Amino acid sequence: MTAFPLRRLFAAAAAGAAVSFGCMRATANADGTPLPGSARVAGPGAASAPKLVVFITVDQLRGDYPSRFPGEFRHGIARLTNGGAWFTFGFQDHAITETAPGHASIGSGRFPSHTGIASNSIGVIDPVYPLVVGLPNEIGASAQRFQGTTLFDWLAAKDKRARALSVSAKDRGAILPIGRSKQDVYWYSNSGSFTTSRYYGDSLPAWVTEFNARGIPQSYAGVEWGLSRDTSTYKEPDAVSYENRGNDNTFPHRFPADNRAAGYMRATPIMDSVTALLALEGLQRTGIGRGPQTDVMAVSFSATDYIGHTYGPDSREVHENLLRLDETIGWFIDSLYKLRDSSSIVIALTGDHGMSPIPELARERGQATGDQGLRVSLRQEVAQVRAGLRAANADTAAFLYDGELIGVDRAALKKARVNADSLLSAFAHAALQVHGVARVDRMTAVRQADFALEPIARRWAHQIPDNLGIDLVVTLTRYSTWGTLVATHGSPYDQDASVPIIFYGAGVKPGRYSLFARTVDIAPTLAAILSVKPLEKLDGRALLEAIVR
């Protein structure tokens, strides 16, 4: 079997690649300090506004991950945490901590209640705009549900020459950081190629088609994902029955030997490496970041999320993936600095949400007690409500249920002579009897809560748009979860909401900051560095502590 060191990826991409990644010269030590003779490394107080903003979002990057393995990060994560402005008390300060709401808030400076992206299901899925390249059963996507503007829009309003490039393994990870703007936006299809939707254009540009033609994902058929360091480095057990439901849950992990390798790649570190390669190829072929205007490049690394869902956040797989992610971010920044003047670049790194442990493990280890760490379903309670509506000759669709979100069609219920508030109260009472349900709140009460004393109410208020028609929100107990994923996120608790927030490069004042910060503060902070005005009222604030003034 063959292991997959990064040099294999470089070799696979070499044909037609414009950058010689294998001989990339580092411009800084692992701690972020410049190497001798590396005068181009960005430092405080750049003479002019940055020409390139780089959003790096790591899907499922918990707030504790950058400091979880002391001394083990030696490349990109080390560089950013040691040489940047790191807000160690950072949060996605909303309740449904999922990928779509998180990415929408990062680039916009606004909570889901104002972006309109309240959950993954109310995100970018849009069959009206099919994929340009993809499998027949893949659903299209667009930014149609996104409301308002992003940092890119503010830059484009200042200088119409501004351009954006956004790439991710996920459609929502690529689309939402730049909002509704129709720029270069690409994500990974189940076909094993990067694609876009007809919201952005009718065909792929030549450079993306050429990148896909290299067949990098397919070249990993039969390859093994092994450990990069001695097994003594890893303190996590390698055989945990709950991980991946007991299947393929020990190292090494072997890619399928056929075309299924392209799909298997998602839950390995190679997914992030290929995403980084596409971003760098796009940087060169589109010419963004050369100025005189300020451009935006958004890169969302998704492998951490796929791996975390499959094996859980306490697994050896997550540990190994973070080491690989550190390497990927390291060579990505080194490559970026070879292609563009580093003194003209400002980088922001964060996560779109955190992660909860596997519920069964949390209970076994005493992390979850009592009614915590349970798998919860309200199917029976929902069925009872709908049976009652049928008995009253009311339309069952008048009761809207989507996991933690409940709404009613008041007009339809009134027509059937069913009291909407009585129905909601009865359902809330029934739901509260279910083990694993912590609270059921009326949105009217949530919006009137004291947010300083009620963080869960605050996060729900930040989540739900007024016009969404949601009457009740359900909060499970800590470490409890909906559904059957091995491990997941999405709750208003800190383990799912905590993420790192780091700024690095031009205009940034390095340091470690313990102030409460939110991802809605990222876009306003970058706007302050860039001297650009937002086009609307924001929920976030500029973190002036991190800006050279």
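Laboratory data are not the source of any read-out in this text; all were calculated from the coordinates shown. Since this is a predicted model, take the numbers as computed values, not measurements. Here the Cβ is made from the backbone with ideal geometry for all residues, glycine too, and neighbour counts use every protein chain on show.
Data table
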| item | result |
| --- | --- |
| Inter-centroid distance (Cα atoms) of segment 213-237 relative to segment 91-162, Å | 32 Å |
| Spin-label pair Lys160/Ala239, simplified geometry with 7 Å Cα→Cβ offset, distance in nm | 6.6 nm |
| Vicinal HN-Hα couplings computed from phi for segment 292-309 (Karplus, 6.51 cos²θ - 1.76 cosθ + 1.60; Hz; Gly/Pro x) | x, 6, 9, 10, 10, 10, 10, 10, 10, 8, 9, 4, 4, 5, 4, 5, x, 5 |
| The chain, helix-only ellipticity at 222 nm - DSSP H runs n ≥ 4, -39,500 (n - 2.57), divided by all residues, nearest 500 | -8500 deg cm²/dmol |
| Dipole in debye (nearest 20) - the chain, about Cα centre, beta carbon charges: Lys, Arg +1; Asp, Glu -1 | 1140 debye |
| Cross-link pairs Lys51/Lys182; Lys170/Lys338; Lys160/Lys533 - those with Cα-Cα distance over 22 Å | Lys170/Lys338 |
| Förster-model FRET efficiency, 25 Å R0, Lys414 and Thr484, C-beta, rounded to 0.05 | 0.10 |
| Residue-wise HN-Hα coupling along segment 176-186, computed from phi with Karplus coefficients 6.51, -1.76, 1.60 (Hz; x: Gly, Pro) | 6, x, 10, x, 7, 4, 9, 10, 7, 10, 9 |
| Student exercise, segment 452-549 dipole from Lys, Arg, Asp, Glu Cβ charges, in Debye to nearest 20 | 440 debye |
| Rounded Å value of the spacing that divides the Cα centres of segment 245-303 and segment 344-394 | 29 Å |
| Residues whose placed amide H lies under 5 Å from that of Asn190, excluding near-sequence neighbours | Leu135 |
| Projected label distance in nm at Ser232 and Ala397, using a 7 Å step from Cα toward the beta-carbon | 6.5 nm |
| Model label zone, Phe516; criterion: amide N under 15 Å from point 7 Å along Cα-to-beta-carbon; scope segment 425-454 | 449-454 |
| Among (i) 25.6, 87; (ii) 39.2, 131; (iii) 23.3, 80, the entry derived from the coordinates for Rg and Dmax of the Cα atoms in Å | (iii) |
| Per-pair calculated FRET efficiency, R0 = 22 Å: Asp494 and Arg439 via Cβ, rounded to 0.05 | 0.85 |
| Student exercise, segment 347-465 dipole from Lys, Arg, Asp, Glu Cβ charges, in Debye to nearest 20 | 400 debye |
